[in-house]
1. Modelled with pLDDT under 95, in contact with a helix residue (DSSP H, G or I) (Cβ under 7 Å, 6 or more places away or on another chain), part of a helix (DSSP H, G or I) and surrounded by 11 or more Cβ atoms within 10 Å (Cβ to Cβ): is that true of residue 16 in this structure?
2. Which of the following residues is modelled with pLDDT under 80 and out of contact with any strand residue (DSSP E or B) (no Cβ under 9 Å at 6 or more places or on another chain): 53, 7?
Amino acid sequence: MLKDVASGLNTQRKGLLRLFKLVEGRSTDVVLITYKDRLTRFGFEHLEEFFLSIGVMIEVVFEPKETTQELIEDYIHNNFFCW
């Protein structure tokens, strides 16, 4: 089991990078995730397509409804810095 305690916007999470290695090495057939946004906040469909091209399926356990406002707030919170 891989686990990250970080934002789905962070593409340098240790668990995510280990997952990529497992998928690329064909060490798994299925990636089971609790929520889409725990894997990645944006671009889930691209990751899913990439994984499928290698023969790995992504299964999502829960599909909560998320508002556009929540997505905007997450993006702003994680991408803008004050100096």
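The values are calculated or read from the model by the stated rules, or taken from the named source; none is laboratory data. Bear in mind the structure is a predicted one, so any value in this text is a computation, not a measurement. No Cβ is skipped: glycine too gets one built from the backbone with ideal geometry, and neighbour counts run over all protein chains shown.
1. Taking the combined requirement at face value, the residue does not satisfy it.
2. Of 53, 7, the one residue that is modelled with pLDDT under 80 and out of contact with any strand residue (DSSP E or B) (no Cβ under 9 Å at 6 or more places or on another chain) is 7.
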